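Notes follow once the structure below has been shown.
The values are calculated or read from the model by the stated rules, or taken from the named source; none is laboratory data. All of these numbers come straight from a predicted model, not from anything done at the bench. Methodologically, a virtual Cβ is constructed for each residue, glycine included, from the backbone with ideal geometry; neighbour enumeration extends over all protein chains shown. With ligands, DNA and RNA removed, areas are computed over all heavy atoms of the protein, side chains included. Shrake-Rupley method; radii C 1.70, N 1.55, O 1.52, S 1.80 Å.
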Amino acid sequence: QGQLVESGGGLVQAGGSLRLSCAASGGTFSSYAMGWFRQAPGKVREFVASINSSGRSTYYADSVKGRFTISRDNAKNTVDLQMNSLKPEDTAVYYCARGLVPSGSRLKEFVGSWGQGTQVTVSS
């Protein structure tokens with residue numbers, strides 16, 4: 001399924017914004033759902049957001065709804081996560097994920113590949 005490479009993580013104060021980007025290589029990018037997950041220290045990896053293959057439907061965890069926006073560019077093979085109004089509890093390693101299905105609502109069940117992760121730290 002190729003490679004996923006995240007970028008854009010960093011340190012930001014509470015209330016600030018960051019934009020994560022994931023560049024995909026290999027496979028047919030526009031055929032599959034994409035998404036973001038995160039894992040905080042001592043916690044299990046959790047779903048953050050997903051987008052279907054066409055980009056017309058998006059899905060969010062309740063904890064980020066209204067603050068985060070996922071988008072994709074099928075011409076550039078990229079998927080972004082715009083994170084606004086960041087909170088200290090958003091601190092985690094964020095992972096890009098490529099699905100095995102086109103539907104973003106099924107991504108949690110059908111992840112085909114992961115990126116290496118990018119650290120996001122939100123200070124209070």
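Overall, the accessible surface of the chain at a probe of 1.4 angstrom is composed of carbon and sulfur to the extent of 48 percent.
A 1.4 Å probe run over the chain, with the rest of the protein chains in place, finds 48 Å² accessible per residue.
Normalising the average separation of contacting C-alpha pairs (under 8 angstrom, six or more residues apart) by the number of residues puts the relative contact order of the stretch 1-121 at 35 percent.
Tally Lys/Arg at +1 and Asp/Glu at -1 over every other residue whose Cβ is under 15 Å from the Cβ of N77; what's the total? Around N77, the charge tally is 0. Here's the list of aspartates and glutamates a cross-link from K43 could span, going by alpha-carbon distance under 13 Å and ignoring same-chain residues fewer than 8 apart: E89, D90. Report the local net charge at V12: Lys and Arg +1, Asp and Glu -1, summed over other residues whose C-beta lies under 12 Å from its C-beta. Surrounding charge for V12 is +1.
Restricting the stretch 27-124 to GluC sites (Glu not before Pro) that sit in a DSSP loop and have at most 13 other Cβ atoms within 10 Å of their own Cβ leaves E109.
Stretched out straight at 0.36 nm per residue, the stretch from N74 to Q13 would grow longer than its current Cα-Cα span by 18.8 nm. Please give every one of the lysines within straight-line cross-link reach of K87, meaning a C-alpha to C-alpha distance under 16 Å, and leave out same-chain neighbours fewer than 8 residues apart. Within the straight-line limit of under 16 Å, K87 reaches these lysines: K65. Averaging the Cα positions of each part gives two centres, and for the stretch 41-83 and the stretch 91-108 these lie 8 Å apart.
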